[in-house]
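Take a look at the structure set out below.
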Amino acid sequence: MTTFARFGRWWEGPPQRWYWKLLDNLRSGLTWSDALVGLCAVAVFSGILIGFRYEFIPDYKLGQIADTDVRALQDIAYEDIGATALRRAEAEAGVASVYRLDADHIADQEKTIAAAFARARDIVNQQIAAAKSTPALAEERDLQKKLSSQIGRVFPDSLVAVLLRQKFGAAIESRMLKILDSVLRDGVIGDRAKFLKDQRAGIVIRDGAFPFEHPLTDAYAARDLGSAREYLRQFRSDFSDLAPRERDLIIQFLESSLLPTLVYDRSETENRRAQAALRVQPVELQIRQGQTIIRSGEQVSPNVLLQLEALKKLQRPRSLIWQFAGYFLLCGIFVDSLWRYLIFNQSGHRKARNRMTLALVIIGCELLTLRIATALADILGERFQRFHDPSILYYGIPLAFGALLATLLIDVNIGIATSVVLSILTGLYYGNIDLAAYLIIGSLAGIYGIRQYRDRAAILKAGLTIGVVNILCLCGLAILRQSSLTVASVLDRIVLALVSGMLAAALASMLLPALESIFKIVTDIRLLELSNLNAPVLRRLSVEAPGTYHHSLMVATLAEVAAESIGANSLLARVAAYYHDVGKLLKPEYFVENQAYGGNKHEDLSPNTSCEIISSHVKDGLQLAKEIGLPQRISDVIPQHHGTRMMTYFFQKAREAANGNAQETVESEFRYPGPKPQSREAAIVMMADSVEAASRTLSQPTAAQIQGMIDRLVDDIVGDNQLDECDITLRDVRLVKESFVKIVTGIFHHRIDYPGYDFKSTNEDSKGPAAKNSGSEPATTV
């Protein structure tokens, strides 16, 4: 069956493929509406953060006189084209020239000579074998002619005669090749002047015969053709066994075999220099926000032109689009991470969605405040010459109020997460890591300063704490940056840091009631207001239903202590207990605690009618809570503190009236409508209500009796499955019972009798003793 209820899931039905499971995991419970809200929030955040600039940037020419002041509206980096070109030229000049040693050409030359020697030896050996004796002079001339025709392209005729006399022996061949190889492999260059010029930046020799290269450390080892010939003549002594003329002929032949073997590799050198230039990062100069680019009357210089061009680029749509895309991606990651935390750490998607929406609203409010305050700071920086650097005023912006609101309205963990997100976005917006550190440190100080929000002054104290910590943060940053500080700058920073903290507290105080009302959230301060026993509805309760009023006070005492013992919201439990039976105001005389001296009205009513009257106080209580504007968390406890428990007294009375016929007595008709407790605080109020009501039936009980009574009552609630829908544990239940025992035992503590007084007798019986003791000192109570 096709469904569009959940984001990222197109159908339901087995088997589900692995990629759908992965998508479900990434989805983390998102619906299409959740995704749409999140994307809209991310788009709003990105729109607030991108650098919209509407200032007109004049189109000046080089050398022109400016007719208006131009100031940068935000931090921006621009490329210094001249400096970048200079650095790239330096990088290119630092790359060594590449010369290739033409090993293949050397090898070919040597192979040609060796092949000529081999061919000549073959011819000589054939001639010797044919004559079978030493050849005659005529035959020698014929052999020489034959050799000249075969190897004349390699050796001149004069050299052939010399080598023939040596019978083209391997020894002379080896000597000639060794000398030629030594000279050629040392390197023979064609243009020595260029070679020496290239040697200034270094030369790298690439030998084609090997897969590696090496730098040329001694440029003079490489020779041009003239120097190579002179160097070659030094090897005449290697042919000392020959006649001087023969030696000269061999040296002349070797000189004619010389050729340039070190060849400049232009393409490789240029490629390496181009790569080196590309590796050089552009030289960027920073324009600070509020910095004056040019003043009216000044001449436009090349550097000013570059800065003006950078400001124009900032206004181009492409730049804004890329800024928006970058912020959109980052904000999307942050929002998704926050959603995942709420889903995996908060119970119930409804609660998570409400908290997520609230967190997004808080982040949006802070970003908008940040943007507006930045604009105001820029204006003040222009007006007051005292702030030569307008960015100093940014430290007076109330950056930490978002963390205060998130902590008060949600919890500490969300407050910390919100602070991290806002500090990162603030650092990116200003391009200043110091401001990011300033925000996160101040926010953490505010979070831990506001954790116990039990009076109006608490938020002001948190603001002062933020201000003091901001001052310490600025001191640490100044020490870290080794800034030169003056008395005036130090005073400015101290004042701005304190202003930031106090403004954060003021903004949080202003926004708190509105967000409380919109998102139906009850903070500690609202609970404190509701806990005032002089509230009109509680005063009515004390007068019109005094038994219910005192019952509520005792339940509040029990619930508060029990909530503290298990780490629940003790203030919420106490206030909920004050109002849990407020519905009894409409018909107080039908409830036993208010029937001290009057008759029991239920004696003349049927059990079903009595049951309807008793259970109606839940509906009446909800209606009254709506009329007086009780928060949802308080009004939820009114029906939940009874859950779906049975009104046992009327049920048993109905059974007795039906002569024990269970079929005529429907159990569900004698149960409260519910729902069962949905929170730990509601469960505590349910248990405290039962314990307090039952404790009034005790007369001088022992500690064991009190313990047994509480155990039976609480175990009955647990056994009736009334606590199945809240996250209270068995350990919590045990701690709650222990706290009840302490309080109830204290209520029924033992006291000594008053001497001379008999409070059990009637007023007439006690006139004598009372008169006798009327003048005595009051008895001491224990």
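The values are calculated or read from the model by the stated rules, or taken from the named source; none is laboratory data. All values reported here derive from a predicted model rather than from experimental measurement. With ideal geometry, Cβ positions are generated from the backbone for all residues, glycine too; neighbour counts draw on all protein chains shown. Keep in mind that these areas ignore ligands, DNA and RNA; they rest on the heavy atoms of the full protein, side chains included. Shrake-Rupley method; radii C 1.70, N 1.55, O 1.52, S 1.80 Å.
Quick look at the numbers
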| read-out | value |
| --- | --- |
| Karplus-derived HN-Hα couplings along segment 512-517 (A = 6.51, B = -1.76, C = 1.60, θ = phi - 60°), whole Hz, x at Gly and Pro | 4, x, 5, 5, 4, 6 |
| Mean-position separation - Cα centroids, segment 80-95 and segment 104-119, in angstrom | 47 Å |
| Neighbour net charge for M554 - beta-carbon separation under 12 angstrom, K R +1, D E -1 | -3 |
| Dmax and Rg, reported as Rg then Dmax, of segment 417-542 (C-alpha, Å) | 18.7, 67 |
| Cβ-derived FRET efficiency at R0 41 Å, N413 paired with D716, nearest 0.05 | 0.65 |
| Long-range HN-HN contacts of R71 with modeled amide H, under 5 Å | I293 |
| Vicinal HN-Hα couplings computed from phi for segment 712-729 (Karplus, 6.51 cos²θ - 1.76 cosθ + 1.60; Hz; Gly/Pro x) | 5, 5, 5, 5, 5, 5, 5, x, 7, 6, 6, 9, 6, 9, 10, 8, 8, 9 |
| In Hz, Karplus ³J(HN,Hα) per residue of segment 353-362 (6.51, -1.76, 1.60; θ = phi - 60°; x = Gly, Pro) | 5, 4, 5, 5, 4, 5, 4, 5, 5, 5 |
| Computed lengthening from A171 to D724, 0.36 nm per intervening residue step minus Cα-Cα distance | 188.3 nm |
| Calculated FRET efficiency for the pair R734/E656, C-beta based, R₀ 41 Å, to 0.05 | 0.70 |
| For segment 459-543, accessible area per residue (1.4 Å probe, heavy atoms of protein chains only), Å² | 53 Å² |
| Accessible area in the full protein assembly, largest first, 1.4 Å probe, for D191, D102 | D191, D102 |
| Under 5 Å, built H, 5+ apart or other chain: amide partners of I287 | I76, A77, Y78 |
| Amide proton proximity set for V98, modelled H, under 5 Å, gap of 5+ | V204, D265, T269 |
| Cβ-derived FRET efficiency at R0 22 Å, K111 paired with Q150, nearest 0.05 | 0.85 |
| Spin-label pair S227/H550, simplified geometry with 7 Å Cα→Cβ offset, distance in nm | 12.0 nm |
| Local net charge near L242, Cβ-Cβ under 13 Å (Lys/Arg +1, Asp/Glu -1) | +1 |
| In nm, spacing of pseudo-spin labels at R200 and A514 (7 Å Cα→C-beta vector) | 7.1 nm |
| Ranking by accessible area, most exposed first, for W339, W322, W32 with a 1.4 Å probe | W322, W32, W339 |
